[in-house]
Amino acid sequence: MRLPAWLAQHLAALRALLVLTVLLGLAYPLLLVGAGRIPGLSGPASGSMTPVGSTLIGQSFTDAGGNPVPKYFQSRPSAAGDGYDPTATGASNLGPEDVVDTPARQSLLTRVCGRSVAVGKLEGVDGRRPYCTGDGVGAVLAVFHRDGFTGPVTRVVSVNQTGTPFLARYQGVTVEPAKEGEDYRALGGVITPIRGDAPDRPVVPADAVTASGSGLDPHISPAYAALQAPRVARERGIDVSRVREMITAYTEGRAVGFLGEPGVDVLDLNLALDGR
């Protein structure tokens, strides 16, 4: 007996649904679960959890007031939520042209400058960076010309400082402090970053002052770890050479030998220092 065309089509669709359900809803997930039990893969598959957090997700090593705990290596900054929040993973989405602060938020440049100054103080090194003021904000002027974008300079404003400007005069014109909420770009000012006298290669590494793309990166560069080694050794009362040996032991190479850069897992390193 030949089935009606409409019924045959429905039965074929039902068979396809059952086959795909078994393959993709049961067999494939079970295959992945089994692969996650293979030695070498079981750790990452289960989240690499430790009693104090996952080694796959960065975390802060700060006190209740948000200040760095000196005996621990510090992670890189995070823009994910309040920091390393896996439910809000992401970057600040601010680019290199973001140099002017507003009442609502600091510019990317000022964030980098402030972090660099803070790291410099913590580690006892020079925290200066190009285009940053000594007090840790973006060294940026709004320069007004007589003829719009050309001609003699008639007015200069330090757009990120409401107090004493970082520069007294620019091209013979006295630099004014900014007035909060004033948009000097809209008023015709040419936004002009000032490089300053900071070294070409700052002592504080880039990953110490910039957040990762995900905001969850648990690694720092070997250079940032080396910068922190003397402080950690001093706070723990151990030889700095021993701390450097541990940094080397917890440094991971490039992925598959050539992708990315070497990194130091901060959580694993701090746990090892605690003897856990």
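When peptides 204-215, 149-160, 252-263 are sorted by average Cβ neighbour count within 10 Å, with the highest value leading, the order is 204-215, 149-160, 252-263. Here the spin labels are modelled as points 7 Å beyond Cα on the Cα-Cβ line, and at Leu17 and Val125 they lie 6.3 nm apart. Distance between the pseudo-spin-label points of Ala8 and Glu235 (7 Å out from Cα toward the beta carbon): 7.6 nm. Packing order of peptides 73-81, 163-171, highest average first: 73-81, 163-171 (average count of other Cβ atoms within 10 Å over each peptide's residues).
Values in this text are rule-based calculations from the coordinates and carry no lab data. If you're wondering where the values come from, they're calculated on a predicted model, not measured in any experiment. Don't worry about glycine lacking a Cβ; one is built from the backbone with ideal geometry, like all the others, and counts go over all protein chains shown.
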